[in-house]
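One structure is given here, and the rest of the page talks about it.
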């Protein structure tokens, strides 16, 4: 019984730590990244996670024809530059911020509705001291222009 209670206590503690980490990244996305969308309207979804140098993640999202969009990718100040690429479903690169001096936003409009892949990767820092690897929140937010004015 004591072992069972110990396991339950550990699981509750791990869940609390994971929830706190997500909450911190969600707050980071709201405070730091959301202003990058202006004047676009945020779609209401906060895609944020903690990544370390060299780690990557992908987000799949459907975008609709005729709508103007802005994708904003923001990383914690402790992280090296964040590479993000927008690809179609065949993984053809439509945009890479590496070609735009690691810009944080990309504005676009599609001719046809389609699912796109937002791929993000935290670069590695060649100037790091010792074996310390930077870790921090990375957020991907999407906004659209209200054309019903």
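Couple of notes before you dig in:
- Each of the peptides 53-62, 76-85, 134-143 was scored by the mean count of other Cβ atoms within 10 Å over its residues; in descending order, highest first, they stand as 134-143, 76-85, 53-62.
- Pairs of Cα atoms nearer than 8 Å and 6+ residues apart set the relative contact order; for the range 20-149 it is 42 percent.
- Computed from the Cβ-Cβ distance with R0 of 22 Å, the FRET efficiency linking residue 115 to residue 30 stands at 0.30.
A short reminder: the numbers here are calculations on the coordinates, not readings from a lab. Model, not experiment: these values are computed from the prediction. With ideal geometry, Cβ positions are generated from the backbone for all residues, glycine too; neighbour counts draw on all protein chains shown.
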